[in-house]
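Structure, as structure tokens:
No lab work stands behind these numbers, since they all come straight from the coordinates. Note that the structure is a prediction, hence the values are computed from the model and not measured. Note that we place each Cβ from the backbone using ideal geometry, even for glycine, and neighbour counts take in every protein chain shown.
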Amino acid sequence: MMRRALSTLLALLSVAACSGTPDTSATTADNTYHVVTTTSIFADLAEMALGDAATIESIVPAGADVHTFEPSPSDVQKIQSADLIIANGLGLDDWIGSLIEAAGRGEHDMLLLGEGLDQERGWIYLQQSEGRGTVDPHIWLDPKGAALYVQRIADRVSGDAPNLAERITASSADGLKKIEAVDRDLAAAFAAIDPSRRKIVTMHDAFGYFARAYEIEIVGVAVAAPGQDPSAQQIRTLIDAIRATGVTALFSEVQLPSKVLEQIAAETGTTVLQDLYSDALGAPPADSYLGVMRTDADAILGALR
């Protein structure tokens, strides 16, 4: 893995050397602003914040896994052309660092949506499971976290391009109302489920904020992160927890293989539902952030009822 990452970085740097010096000035003379995001989720949140005041593109395509994504040399040009590069931080998309270096850009060109929220906005971070001592980066899976992201994007671009501020204010206000409406609908739907039944098992450690928002207990996760295999003892512990709590459905994610969950389901007599989205948009109706939240909620509610 280290050797592959090094070779990728060298390739990116080689492309950058042939591409010349990046133009880091904001392209706002014609009322446009170009944003590049690491994931399709963040691209959609940026669109909610900025509307037609910006052009937006994602490096990781919809349906792909941000955890295992490896940038290609062609991504350097995207970074060089951007007025702003949006990433999450908190360990989710660290590979963006190699692109920033290769493109000759710096920290001032970036907005890390997930970092510093506890200091600036009063957000309370969750720690990831398995005693790893790292912050859970999946903040957007609580709509209140997504709203903070939208506001951060709006504030940053309005500051960079004051001539776009009026349009951004209108777009972000509309986006925030839509996020609030989804949050309200989901809260009402989960409140109608008996608390003793609000228990789930997920494929990886991504749904902590979602669970906190709607008072769901995550009994366990199959893998700490995509690409990591659990030990035999971890599988046994999860099986025991499933039997003890009466969980009947195990949730995988559309873009992730579910062999471990299938093994656990076979031993516990439960069902694997490969219906959830966490890090990327998907096919309709999950082709927007709001669609992802409703799709995830519908899948979980259907299993809990």
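Observations
- VAL201 being over 19 Å from LEU117 (Cβ atoms), of a type in the set (Val, Ile, Thr), touching a helix residue (DSSP H, G or I) at 6+ places or on another chain (Cβ under 9 Å) and not in a helix (DSSP H, G or I): yes
- Of the residues making up the stretch 67-85, one or more are closer than 15 Å to ASP279 by Cα, in contact (Cβ under 8 Å) with a residue 12 or more places away in the chain, part of a loop (DSSP other than H, G, I, E, B) and of a type in the set (A, V, I, L, M, F, W, C).
- Some residue of the stretch 199-218 being on the phi > 0 side of the Ramachandran plot, touching a residue at least 12 places away in the same chain (Cβ under 8 Å) and not small (Gly, Ala, Ser): yes
- Scanning the stretch 236-256 for residues that are without any contact (Cβ under 8 Å) to a residue 40 or more places away in the chain and within 26 Å of the chain's Cα centre (by Cα) yields one hit, LEU238.
- Selection status of SER278, touching a helix residue (DSSP H, G or I) at 6+ places or on another chain (Cβ under 6 Å) and in contact (Cβ under 8 Å) with a residue 24 or more places away in the chain: no
- In the stretch 86-106, the qualifying residues are those that are of a type in the set (Gly, Ala, Ser) and outside any helix (DSSP H, G or I), and the one that is nearest to PRO61 (Cα to Cα) is ALA87.
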